[in-house]
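Novice: First, the structure itself, so that you have it in front of you.
The values are calculated or read from the model by the stated rules, or taken from the named source; none is laboratory data. Model, not experiment: these values are computed from the prediction. Methodologically, a virtual Cβ is constructed for each residue, glycine included, from the backbone with ideal geometry; neighbour enumeration extends over all protein chains shown. Remember, those area values only see protein heavy atoms, side chains included, never the ligands or the DNA or RNA. Shrake-Rupley method; radii C 1.70, N 1.55, O 1.52, S 1.80 Å.
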Amino acid sequence: MSVTATHTAPVEPEPTDPGAGRATRLLEAVRNVAVHAGVPVLLALVIGGIVLAATGANPFAVYGRLATEAFGSPSRINATLAATTPILFAGIAAAFAYRAGAFTVGVEGSFVLGGLTASVIGSQMGGVPGPIAIVVTLAAAVLAGGLVALVPALLRSLWNVDEVVTTLMFNFIVAGLAGWLVQSFFLAPGQANSSTQYVAENAELPPLAPPGQTNVGLIVALLVLVGYFLWMRYTTIGYEFRAVGSAPRFSTAQGLRVRTVIATGLIGAGLIGGLGGGAHALGVVHRYSEGFSASFGFTGIAIALLARFNPIGILVGAILFGALNAAGATVQLFIDLPVQLIDILEGTVMIFAVATFVLPRFLTRRRRLQRGGAA
């Protein structure tokens, strides 16, 4: 029995000319990302400016201070890149699934369980050589993240159960499970809050520019981004990802491995999300505690949609959100800024990111219905 996709492609990729040179294709990709991502960001800045003006603040002064706090010095760039790293993992994970036509919202759950797994195993790595401790711990985090996505992937590929519902529910299941595991088995001695022990020093990811928090996890994320590009561009199953994600029914009719593509997309997103959680645990927070993920998985959804799956766009989007997070944490020391401004900006970008592809599809469907009615 064939399986057709529950959803049409989350985003239809921009067409490219196969005869164009690499430089031309690169420029075209950058242009497309700038157009699709620029509009939501500009609209978010306008709305944020209105909110600021309504509270009596000068929007230009606030935005200038945000830029300074994000990129104004080497230490602030370091903080921005540290905040970018987990978001970059989440963006790649979401794009990996969406490229296959699977609309997952479960990266958050994979990130959380990956972080908990890395924290628990990493805390037991004292005396193990550093490279081995790091590799083993991250590998465990990857497997944990994939495990979160396994059941939704099977349900989606075998019985066509809506992956939006199952992945969302698994986020809640993982959050509750993680809290119970920490309280019952892994709670650090003397801790009043839900926290594990710190990971062993030899299991920590080395910093790239101490004393800042940017660490080798950023290098790992960039390598995963390159791997994502190579997978989609040069592998057979990457071609099938693009075909199934763009035209699921046509791909089924052509005999492509739709079940395999869907399952691989969902599980692969879980694996990448788990790796991101592990890198965040070993590189930044060094343990698992309540609030381990600042909704990184959901932020990754916005980045994937803004970027239209383009690797360059994913990187730029991750840096943008990382800059907002890093600057928002310190800008209030200099300006009387509403604490909700960063949330307003990020949430507005997410809304318009979705709207930029939902609205054109809605208008296209409406025109088709009108032509059909006229006929």
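Novice: Of the numbered conditions (1) touching a helix residue (DSSP H, G or I) at 6+ places or on another chain (Cβ under 6 Å); (2) open to solvent by 10 Å² or more (accessible area, probe 1.4 Å); (3) closer than 25 Å to Phe170 by Cα, Thr330 fails exactly one; give the number of that condition.
Specialist: The single condition Thr330 does not satisfy is (3).
Novice: Identify the residue in segment 35-46 that is open to solvent by less than 60 Å² (accessible area, probe 1.4 Å) and among the hydrophobic types (A, V, I, L, M, F, W, C) and, among all such residues, is modelled with the lowest pLDDT.
Specialist: Ala37
Novice: When you check Leu168 against the structure, is it closer than 29 Å to Leu266 by Cβ and in contact with a strand residue (DSSP E or B) (Cβ under 8 Å, 6 or more places away or on another chain), yes or no?
Specialist: no
Let's see how each residue does on (1) modelled with pLDDT of 95 or more; (2) among the polar types (S, T, N, Q):
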position	(1), (2)
Ile134	yes, no
Ala140	yes, no
Leu150	yes, no
Leu154	yes, no
Leu158	no, no
Ser184	no, yes
Ala188	no, no
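Novice: Does Ser119 satisfy being in a helix (DSSP H, G or I), over 17 Å from Ala93 (Cβ atoms), open to solvent by less than 50 Å² (accessible area, probe 1.4 Å) and at pLDDT below 95?
Specialist: Values: in a helix (DSSP H, G or I): yes; over 17 Å from Ala93 (Cβ atoms): yes; open to solvent by less than 50 Å² (accessible area, probe 1.4 Å): yes; at pLDDT below 95: no.
It is false that Ser119 is in a helix (DSSP H, G or I), over 17 Å from Ala93 (Cβ atoms), open to solvent by less than 50 Å² (accessible area, probe 1.4 Å) and at pLDDT below 95.
Novice: Still on this structure, please answer the following. Please find, among Gly297, Gly278, Gly265, the residue that is open to solvent by less than 10 Å² (accessible area, probe 1.4 Å) and within 11 Å of the chain's Cα centre (by Cα).
Specialist: Going through Gly297, Gly278, Gly265 in turn, the sole match is Gly297.
Novice: Whether any residue in segment 159-178 is within 21 Å of Ile301 (Cβ to Cβ), more than 20 Å from the chain's Cα centre (by Cα) and not in a helix (DSSP H, G or I) is what I want to check.
Specialist: So far as segment 159-178 goes, yes, one or more of its residues are within 21 Å of Ile301 (Cβ to Cβ), more than 20 Å from the chain's Cα centre (by Cα) and not in a helix (DSSP H, G or I).
Novice: Sticking with this structure for a sec: Specify the residue that is farthest from Val128 (Cα to Cα); the eligible residues are those in segment 176-207 that are in contact with a strand residue (DSSP E or B) (Cβ under 6 Å, 6 or more places away or on another chain) and aliphatic (A, V, I, L, M).
Specialist: Ala188
Novice: Quick check, is Asn202 buried (at least 16 other Cβ atoms within 10 Å of the Cβ) and within 30 Å of Ile312 (Cα to Cα)?
Specialist: Against the criterion (buried (at least 16 other Cβ atoms within 10 Å of the Cβ) and within 30 Å of Ile312 (Cα to Cα)), Asn202 does not qualify.
Novice: Ile173 versus (1) farther than 27 Å from Ala94 by Cα; (2) open to solvent by 60 Å² or more (accessible area, probe 1.4 Å): which is the lone unmet condition?
Specialist: Against the list (1) farther than 27 Å from Ala94 by Cα; (2) open to solvent by 60 Å² or more (accessible area, probe 1.4 Å), Ile173 comes up short only on (1).
Novice: Let me confirm something: among Leu256, Leu230, Leu225, Leu181, which residue is open to solvent by less than 60 Å² (accessible area, probe 1.4 Å) and free of Cβ contacts under 8 Å to residues at least 40 places away in the same chain?
Specialist: Values: Leu230 fails: open to solvent by less than 60 Å² (accessible area, probe 1.4 Å); Leu225 fails: free of Cβ contacts under 8 Å to residues at least 40 places away in the same chain; Leu181 fails: free of Cβ contacts under 8 Å to residues at least 40 places away in the same chain.
The unique qualifying residue is Leu256.
Novice: Yes or no: Ala79 within 20 Å of the chain's Cα centre (by Cα), of a type in the set (A, V, I, L, M, F, W, C), over 20 Å from Ala326 (Cα atoms) and in a helix (DSSP H, G or I)?
Specialist: no
Novice: Could you run through segment 239-253 and say how many residues are at pLDDT below 90 and either touching a Ser or Thr at 6+ places or on another chain (Cβ under 8 Å) or open to solvent by less than 10 Å² (accessible area, probe 1.4 Å) (or both)?
Specialist: 5
Novice: Look through Thr68, Thr85 and report the one residue that is out of contact with any Ser or Thr (no Cβ under 6 Å at 6 or more places or on another chain), crowded, with 22+ Cβ neighbours inside 10 Å and among the polar types (S, T, N, Q).
Specialist: Result: Thr85 is the single residue among Thr68, Thr85 that is out of contact with any Ser or Thr (no Cβ under 6 Å at 6 or more places or on another chain), crowded, with 22+ Cβ neighbours inside 10 Å and among the polar types (S, T, N, Q).
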